[in-house]
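Okay, structure first, notes after.
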Amino acid sequence: MDVDIGNALAAVASPGVSRDALERLDDRVATAHERIETGRSNDEHGYAALNLPDRTDPDGIRQAVDDLPDLEVLITVGIGGSALGAATIVDALGGARGTDGSQDLETVFLDNVDPVWVNDRLAALPLERAGINVVSRSGTTAETLGNFLVVREAFEAAGVDWTERTIVTTGEAGPLRELADRHGLAALDVPGGVPGRFSALSAVGLVAAAVGGRDLEALLAGAAAEADTLRGSLFECPAYAYGATSYALDVRGAHINAMMPYAESLETFAEWFAQLWAESLGKDGLGQTPVRALGVTDQHSQLQLYRAGPRDKLVTFVRPRETVDRQIPGTTVDDLAYLGETTLGELLTAEFEATEASLAAAGRPSVRVELERVDPFELGGLLYGMEAACVLAGELYGLEAFDQPAVEWAKNATRGLLGGSEAPEAEAVAEKRTLRVER
């Protein structure tokens, strides 16, 4: 990925960061890079995620999914990092085929426990031609295990042997691992030392891609190429340029980061980024709040705020330089005649450039992240680059980027409310203060 931070400079935007400030910050980037490289060399918790391009075995993943029967639908059951990376890859690359190669593969992600939604999704699927991909490191994630039990029951009610069409990705021990061993299910390991939100380039994120016939080697090669750009200067490393600039703008008041891809296929990427940025950096009263937007759609729903609202936002544009195009048909309507001489791709580019320029004209900071195209190689580089940017930002904040204590509190409370533990956090629910306004 390429990163252009020109519109985040203080000469353009407020808040902005001066070139002199970036030069001073670069000394800290060099120190942070040394820490990151030490963590990678020792395969330390969290830092190990940046070694996945070399550690992940695409052949092993494909061999595991080869045990599944011919499928037209793959139901992935997971939540957070156990689903968003896989969904990002599948949605970005499109064009999946069924495992018999004869039809499109529908990929469904059950990453919510809303019963109405789950019931509707399952009722619409041909379960006799579906497979299950269940993902949980611990094998105890309440949402994932609850949905998996519901899915398993639906298969049994339809007279379908779920054991013949289930693949499990989990830790070395736990209920899911025991289930896989007991029923002889295809199983893959969650990589050690890699938090879920950093696991897209492992079996956690690649099983669904493998079932759909995506090019795993190209994804990992793109990530490896991005890893080769990591060096101790933000002026020489796109990932560090993005992480350092985001950090610098946050401490200057840009506390919100609007991730705005200009490709429909990257909409889920913005969701993945939101988890990565929020869960890794939102600690100790620090961290930049990620929000999701989509070009050009949200030019018409959010740009007014970004351009004329509080000066507390960074807008991150992500766009491919190359894309499939389509001519806009001509028309006899005079006011629309100009459209007949252009293409949808040209219109998209004009919309992007106009939006970027409008923010600069209003003195609002933005960063441009560009890919050559949305393909496996470039996508692998984008995912890896944003992970490295996040790790770098964590070092600059002085935060532990790889834990999520606030999330664990809510998990403990949930288990306690359902009788799964004696968690004291559950007691706080009964202490809720109320001030009701009823009809």
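The values are calculated or read from the model by the stated rules, or taken from the named source; none is laboratory data. Just so it is clear, the model here is predicted, and its values are computed rather than measured. Here the Cβ is made from the backbone with ideal geometry for all residues, glycine too, and neighbour counts use every protein chain on show.
Some notes on this structure:
- In the stretch 98-112, the residue that is surrounded by the most Cβ atoms within 10 Å (Cβ to Cβ) out of those that are modelled with pLDDT under 70 and closer than 16 Å to Ile132 by Cα is Thr99.
- Just one of (1) part of a helix (DSSP H, G or I); (2) surrounded by fewer than 22 Cβ atoms within 10 Å (Cβ to Cβ); (3) touching a Leu at 6+ places or on another chain (Cβ under 9 Å) fails for Glu226. It is (2).
- When the stretch 386-439 is filtered for residues that are in contact (Cβ under 8 Å) with a residue 24 or more places away in the chain and β-branched (Val, Ile, Thr), the ones remaining, listed by number, are Val391, Val407, Thr414.
- Test: Arg319 is assigned by TED's automatic domain parsing to the domain that holds Leu305 and in a strand (DSSP E or B): yes
- Test: residue in the stretch 266-288 that is exposed (fewer than 14 other Cβ atoms within 10 Å of the Cβ), assigned by TED's automatic domain parsing to the domain that holds Ser14, charged (D, E, K, R) and more than 21 Å from Ile5 (Cα to Cα): yes
- Within the stretch 370-377, one or more residues are assigned to a helix (DSSP H, G or I) and closer than 30 Å to Pro58 by Cβ.
- For the stretch 119-153, the set of residues classified as of a type in the set (A, V, I, L, M, F, W, C), surrounded by fewer than 22 Cβ atoms within 10 Å (Cβ to Cβ) and over 22 Å from the mean Cα position of the chain (by Cα) consists of Leu122, Ala123, Ala124, Leu125, Leu127, Leu149, Val150, listed by residue number.
- Residue list for the stretch 275-316, filter: touching a residue at least 40 places away in the same chain (Cβ under 8 Å), more than 23 Å from Thr88 (Cβ to Cβ), among the aliphatic types (A, V, I, L, M) and in a helix (DSSP H, G or I): Leu303, Ala308
- For Gly205, the conditions (1) farther than 18 Å from Thr144 by Cβ; (2) within 18 Å of the chain's Cα centre (by Cα); (3) assigned to a helix (DSSP H, G or I); (4) not aromatic (Phe, Trp, Tyr) are fulfilled apart from (1).
- Taken as a whole, the stretch 379-392 holds no residue that is buried (at least 17 other Cβ atoms within 10 Å of the Cβ) and over 30 Å from Gly39 (Cα atoms).
- If the condition is being touching a Lys or Arg at 6+ places or on another chain (Cβ under 9 Å) and modelled with pLDDT under 95, then the stretch 32-70 contributes Leu68, Pro69, Asp70.
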